[in-house]
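This report concerns only the one structure given below.
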Amino acid sequence: MSETKSTNIVLFSGDYDKAMAAYIIANGAAAYDHKVTIFHTFWGLNALRKDELVKTNKGFLEKMFGKMMPRGADKMGISKMNYAGMGQKMIKKVIKKHNAMELPQLIEMAQEQDVELVACTMTMDLLGLQKEELLEEIEYAGVAAYLGDAEDGNVNLFI
Amino acid sequence: MSETKSTNIVLFSGDYDKAMAAYIIANGAAAYDHKVTIFHTFWGLNALRKDELVKTNKGFLEKMFGKMMPRGADKMGISKMNYAGMGQKMIKKVIKKHNAMELPQLIEMAQEQDVELVACTMTMDLLGLQKEELLEEIEYAGVAAYLGDAEDGNVNLFI
Amino acid sequence: MSETKSTNIVLFSGDYDKAMAAYIIANGAAAYDHKVTIFHTFWGLNALRKDELVKTNKGFLEKMFGKMMPRGADKMGISKMNYAGMGQKMIKKVIKKHNAMELPQLIEMAQEQDVELVACTMTMDLLGLQKEELLEEIEYAGVAAYLGDAEDGNVNLFI
């Protein structure tokens with residue numbers, strides 16, 4: 001009975017701390033030999049953005065969204081006590097002090113552990129995000145694919 | 001083995017974008033022949049409010065809550081970059097531009113697909129919301145009914 | 001076939017209303033004879049803080065976090081319409097008016113019903129929270145223990 005268990009996380013949030021929680025759970029589950037998927041939708045997609053500026057050809061609204069949203073995990077704010085970025089700096093300081101991992105490292109570790117990172121194609125359409133703007137080696141899928149995984153999943157979370 | 005799978009969503013949030021995510025997942029699961037329930041509690045109840053003003057006989061606090069909370073799905077703000085409603089307008093614009101569905105349409109579609117929309121009676125009591133203020137053809141239940149569904153569910157999410 | 005069902009909640013949020021929802025579901029599930037665990041992580045840990053000031057020996061950053069974060073369930077703000085605490089007062093008023101339970105009572109009830117209250121040790125490290133600052137009779141564990149419970153759980157929620 002070596003049935004593989006699975007963990008499926010919808011990462012909706014664009015908050016640094018919530019994304020940390022998602023990736024810590026994902027990395028833990030992968031270490032436990034779960035098949036793990038993080039489905040990045042809405043603001044959660046920002047965690048998959050490259051941090052450099054990527055030249056793209058976009059409409060006005062899509063350009064606006066692109067500018068207003070953080071470029072990559074390292075630039076995301078925290079959900080509580082952000083105080084214009086001060087809270088995020090404090091969190092990063094304590095993470096370093098305790099030799100814990102920052103979000104970009106957690107994402108790298110997830111990729112090394114074969115956690116499947118999925119970008120929601122519907123959100124990409126809506127917000128005008130293009131594949132060139134996102135990290136390499138991620139998957140592209142919609143809600144149907146998510147449900148196909150989740151309906152047989154053991155741990156399903158919306159974060 | 002034609003066992004029906006089930007998806008049970010607690011919609012706690014009163015944010016337009018989070019409610020969109022809840023209804024997109026619900027409609028997807030219904031299309032997959034899941035038995036789907038959305039249990040609306042706390043601010044999530046606002047998604048079920050009628051948009052017209054309904055005359056009711058309420059105490060002071062209940063009147064205050066009624067006024068401060070958005071009347072219906074279309075008036076809900078977004079969780080990020082709301083900027084006094086500007087973010088919500090931008091989201092609605094891109095939804096139209098891409099021929100995607102706005103929240104009120106997603107709710108209609110859910111009703112057509114027999115997604116069970118439940119209003120949490122405890123929250124209605126607390127916030128002083130009355131049945132006349134909510135959409136037609138919804139169910140009324142408490143946490144016990146939710147747990148009865150969820151304990152055998154395949155996809156359980158708190159949004 | 002008297003198999004025990006289980007409910008596992010990750011309480012990430014430090015909002016009064018979200019913690020209420022978590023504890024209402026937990027108490028309901030316990031009444032249904034589920035084995036129930038609430039894993040308090042990040043801001044959710046604040047729900048387990050004692051309300052009195054506990055003398056501790058901490059570094060500067062940890063002291064800052066300790067001061068900025070609410071000391072105990074009763075001092076947590078709400079996620080919507082907090083308006084510098086006014087929303088929280090209104091919520092407490094309607095709770096009293098309807099003879100419902102405030103958050104500290106919900107937590108007490110959970111302890112009486114043997115809901116397992118777990119404090120995430122990684123977060124305690126990061127934010128510099130010490131056992132003396134938290135309620136009595138709680139457990140201390142990490143993400144591995146959470147996953148061990150959740151992978152066989154019936155209702156898994158992230159709040």
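The values are calculated or read from the model by the stated rules, or taken from the named source; none is laboratory data. Values in this document were obtained by computation on a predicted structure and should not be read as measured data. Quick reminder, even Gly has a Cβ in these numbers, built from the backbone with ideal geometry, and neighbours come from all protein chains shown. The protein model used for the area step is the full one, side chains on, heavy atoms only, and it has no ligands, DNA or RNA in it. Shrake-Rupley method; radii C 1.70, N 1.55, O 1.52, S 1.80 Å.
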- Across region A:97-128, the tally of residues that are among the aliphatic types (A, V, I, L, M) and within 14 Å of the chain's Cα centre (by Cα) stands at 10
- Item | Single match in A:Ala26, A:Ala19 (criterion: farther than 14 Å from B:Asp17 by Cβ and away from chain C (no Cβ under 11 Å)) | A:Ala19
- Item | Residue identified as open to solvent by less than 10 Å² (accessible area, probe 1.4 Å), in contact (Cβ under 8 Å) with a residue 40 or more places away in the chain and part of a helix (DSSP H, G or I) among B:Ala21, B:Ala30 | B:Ala21
- Item | Check on A:Lys63, in a loop (DSSP other than H, G, I, E, B) and more than 10 Å from every other protein chain (Cβ to nearest Cβ) | no
- Task: Within region B:79-136, count every residue that is farther than 30 Å from C:Ala100 by Cα and among the polar types (S, T, N, Q).
- Result: 6
- Message: Here are the criteria: (1) modelled with pLDDT of 95 or more; (2) aliphatic (A, V, I, L, M); (3) more than 18 Å from the chain's Cα centre (by Cα). Tell me which single one B:Ile38 does not satisfy.
- Response: (3)
- When you go through (1) open to solvent by 40 Å² or more (accessible area, probe 1.4 Å); (2) out of contact with any helix residue (DSSP H, G or I) (no Cβ under 8 Å at 6 or more places or on another chain); (3) away from chain A (no Cβ under 14 Å) one by one for C:Thr56, which number turns out not to apply? (2)
- Query: If we scan region A:109-116, do we find a residue that is assigned to a strand (DSSP E or B) and of a type outside the set (A, V, I, L, M)?
  - Reply: yes
- Search region A:1-16 for residues being over 12 Å from the mean Cα position of the chain (by Cα) and in a loop (DSSP other than H, G, I, E, B), and hand back the single one that is nearest to the other protein chains (Cβ to nearest Cβ). A:Lys5
- Item | Hits in region A:129-144 - residues which are of a type in the set (Asp, Glu) and not in a helix (DSSP H, G or I) | A:Glu136, A:Glu137, A:Glu139
- Kindly list the number of the only condition in (1) buried (at least 19 other Cβ atoms within 10 Å of the Cβ); (2) away from chain A (no Cβ under 14 Å); (3) not polar (S, T, N, Q) that fails for B:Ala110. (2)
- Task: Say whether the condition of being farther than 30 Å from C:Lys67 by Cα, modelled with pLDDT under 95 and not aromatic (Phe, Trp, Tyr) is met by at least one residue in region A:42-51.
- Result: yes
- Query: Quick one: B:Glu102 ticks every box in (1) surrounded by fewer than 18 Cβ atoms within 10 Å (Cβ to Cβ); (2) at pLDDT below 90; (3) within 14 Å of chain A (Cβ to nearest Cβ) bar one, so which box is it?
  - Reply: (2)
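Rundown of residues vs (1) aromatic (Phe, Trp, Tyr); (2) in contact with a Leu (Cβ under 6 Å, 6 or more places away or on another chain); (3) farther than 19 Å from A:Leu106 by Cα, yes/no style:
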position: A:Trp43; (1), (2), (3): yes, no, no
position: A:Leu48; (1), (2), (3): no, yes, no
position: A:Asn57; (1), (2), (3): no, no, yes
position: A:Phe65; (1), (2), (3): yes, yes, yes
position: A:Met69; (1), (2), (3): no, no, yes
position: A:Ala73; (1), (2), (3): no, yes, no
position: A:Gly77; (1), (2), (3): no, no, no
position: A:Met81; (1), (2), (3): no, no, yes
position: A:Gly87; (1), (2), (3): no, no, yes
- Query: If you take the residues in region A:117-159 that are facing chain B (nearest Cβ under 8 Å) and in contact with a Lys or Arg (Cβ under 6 Å, 6 or more places away or on another chain), which one is surrounded by the most Cβ atoms within 10 Å (Cβ to Cβ)?
  - Reply: A:Gly128
- Only one residue in A:Leu106, A:Leu147, A:Leu126 is part of a helix (DSSP H, G or I), farther than 21 Å from C:Phe158 by Cα and of a type outside the set (Val, Ile, Thr), so which one is that? A:Leu126
- From B:Met64, B:Met81, B:Met68, grab the single residue that is free of Cβ contacts under 8 Å to residues at least 40 places away in the same chain, closer than 25 Å to A:Met69 by Cα and open to solvent by 10 Å² or more (accessible area, probe 1.4 Å). B:Met81
- Message: If I filter region A:36-49 for residues that are crowded, with 16+ Cβ neighbours inside 10 Å and within 11 Å of chain C (Cβ to nearest Cβ), do I get at least one hit?
- Response: yes
